[in-house]
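*Asks:* A single structure is presented below for examination.
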Amino acid sequence: MQPTLSMEQSVSLFTWLQRVAVLLMFMTVNLVPMASAAPVAGWEVIKIDGREYVSIDSIKTFYNFTKVSRSGGSVVLENPKVKMLLKVGGNECLMNNVKFVFSNNIEAQGEKIYVSRVDLGKLIDPVLRPNFIPNAGDFRTVILDPGHGGKDPGATNPFGTEANYNVKVAGMVKKRLEEKGYKVVMTRDTDIYQSLQERVDFANAVKENAVYVSIHFNSGGRSARGVETFTLSPPGVSHYGSDFKESDNQTRAGNEHDSANIALATAVHGTILWKLGKNTLDRGIKRARFSVLSGVRHPAILLEGGFMSHPYEARLIENEAYQTAIATGVVEAIGKYRFAVGRKPAPAPSN
């Protein structure tokens, strides 16, 4: 049975692993706002290799984690609704079994463990406290961007082209969102070619508040498979898999919505994992400087729904039930995201 979301449930943008599927829940941590992880009184902040890091002990206290346990290089923070797993020296974080790829490694100094402030402020905080993101829930318009098209088929295999799968799934999403009362615009709904800049210009021509979802399928080695979701890298963070360069310090148009981007990606990624169950692997929520993420002035994500180059996953992508699962996952996630970010933060406790 699929879970339902009631107003009495607490708000969150994570997922618990139940049975084999991922159950999306919502939780709100009622704390004072923390703008971009600005140091809070009593926080332990140090510099490692020129970057500011915050101790796990400080994170535990601020976010109301009730327990911290450590086994070898693994650290687990827990409360009744959230479980966060970190590994010293690595850059991956599991929050309720959904994978996030940090911008910087988790570090140890003596007996203490530290997380970089950019990952705390730009990733952990928006996921734990989506209702502190200003005005993010004030939208009824969704921009869908089916990647590739026309002379650019994208990834191909004997079953079909990525461009065609992208527009088919986007069409499913559009129909379901419109049934729920959303206004939906698509960068394309036929097999035509559009440049990346044309897609950005199309999205930015939408003046009302909106969210932007770019839909793709992946290609790689024959062993690569699974779902991954990208948001724009914050200033000072490189494109995924690339070395840092000076231009990575620049603020892009899309960085205005760094927190909303992560919250939207969490809802979409987690819901799709739940919908697909055993039929996929979690490749994580990642940061990148794709043109359609850098230039769009709305909260924006890019979804890779599976690998067309994988022998088994290629057959799944061709299957309409798999396509429907992705489409309904996107639709349900947008509703969950809108609900989560639309809740008002509780007032700070008086002393």
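The values are calculated or read from the model by the stated rules, or taken from the named source; none is laboratory data. If you're wondering where the values come from, they're calculated on a predicted model, not measured in any experiment. Note that each Cβ is placed from the backbone with ideal geometry, even for glycine, and that neighbours are counted across all protein chains shown. SASA here: full protein model, heavy atoms, side chains in, ligands and nucleic acids out. Shrake-Rupley method; radii C 1.70, N 1.55, O 1.52, S 1.80 Å.
*Asks:* So how tilted is helix 320-342 from the main axis of the chain? Cα-based, degrees 0 to 90, rounded to 10.
*Replies:* Here the helix axis deviates by roughly 40 degrees.
*Asks:* Could you tell me which label, among (i) 48, 27, 16; (ii) 32, 22, 21; (iii) 35, 22, 19, carries the value of semi-axes √(5λ) of the Cα gyration tensor in Å calculated for this structure?
*Replies:* Computed from the coordinates, semi-axes √(5λ) of the Cα gyration tensor in Å corresponds to (ii).
*Asks:* Related question: In the chain, what % of DSSP beta bridges are antiparallel (nearest 5)?
*Replies:* Around 60 percent antiparallel, to the nearest 5.
*Asks:* Taking the alpha-carbon centroid of each part, what is the distance from the range 136-154 to the range 183-198 in angstrom?
*Replies:* Centre-to-centre distance over Cα atoms comes out at 7 Å.
*Asks:* With a cap of 10 neighbouring Cβ atoms within 10 Å, and only residues DSSP puts in a loop, list the trypsin sites (Lys or Arg not before Pro) found in the range 129-171.
*Replies:* Within the range 129-171, the qualifying trypsin sites (Lys or Arg not before Pro) (loop, at most 10 other Cβ atoms within 10 Å) are Lys151.
*Asks:* How much length, in nm to one decimal, is gained on full extension between Lys47 and Ile192, taken as 0.36 nm per residue of separation minus their Cα-Cα distance?
*Replies:* Working it through step by step, the gained length comes to 47.2 nm.
*Asks:* Might you work out the accessible area of Asp191 for me, using a 1.4 Å probe with all protein chains in place, and round it to the nearest 10 Å²?
*Replies:* 90
*Asks:* Any idea what angle helix 258-276 forms with the longest principal axis of the chain, computed on alpha-carbon atoms, 0 to 90 degrees, nearest 10?
*Replies:* Rounded to the nearest ten degrees, it is 60.
*Asks:* Summing Lys, Arg as +1 and Asp, Glu as -1, what charge do residues with Cβ under 11 Å from the Cβ of Asn131 carry, Asn131 excluded?
*Replies:* In short, +3.
*Asks:* While we're here: Past the 19 Å Cα-Cα mark, which pairs from Lys67/Lys336; Lys99/Lys275; Lys275/Lys336?
*Replies:* Lys67/Lys336, as the Cα separations exceed 19 Å there.
*Asks:* Working from the pairwise distances between different alpha carbons, so that the mean of 1/r is found and then inverted, what is the range 109-163's Kirkwood radius in Å?
*Replies:* So the Kirkwood estimate lands at 16.0 Å.
*Asks:* Given the Cα-Cα distance of Asn64 and Lys151 and 0.36 nm per residue of separation, how much length would full extension add, in nm?
*Replies:* 26.1 nm
*Asks:* Label-point separation (nm) for Asn319 and Ala108, each offset 7 Å from Cα along Cα-to-Cβ?
*Replies:* Those two pseudo-labels are separated by 4.2 nm.
*Asks:* Calculate the FRET efficiency for Phe244 and Ala224 from the Cβ-Cβ distance with a Förster distance of 22 Å, rounded to the nearest 0.05.
*Replies:* The value I calculate is 0.35.
*Asks:* What are the ³J(HN,Hα) couplings of the range 219-233, residue after residue, when phi is run through the Karplus curve with 6.51, -1.76, 1.60 and θ = phi - 60°? Round to Hz, x for glycine and proline.
*Replies:* My calculation for the range 219-233 gives 8, x, x, 5, 8, 6, 7, x, 9, 9, 10, 10, 10, 5, 5 Hz in order.
*Asks:* Still on this structure: May I ask you to compute the full-extension gain from Ser74 to Thr251, defined as 0.36 nm times their residue separation minus their alpha-carbon distance, rounded to one decimal in nm?
*Replies:* 60.4 nm
*Asks:* Between their Cα atoms, which of Lys151/Lys180; Lys286/Lys344; Lys87/Lys122 are more than 31 Å away from each other?
*Replies:* Lys151/Lys180
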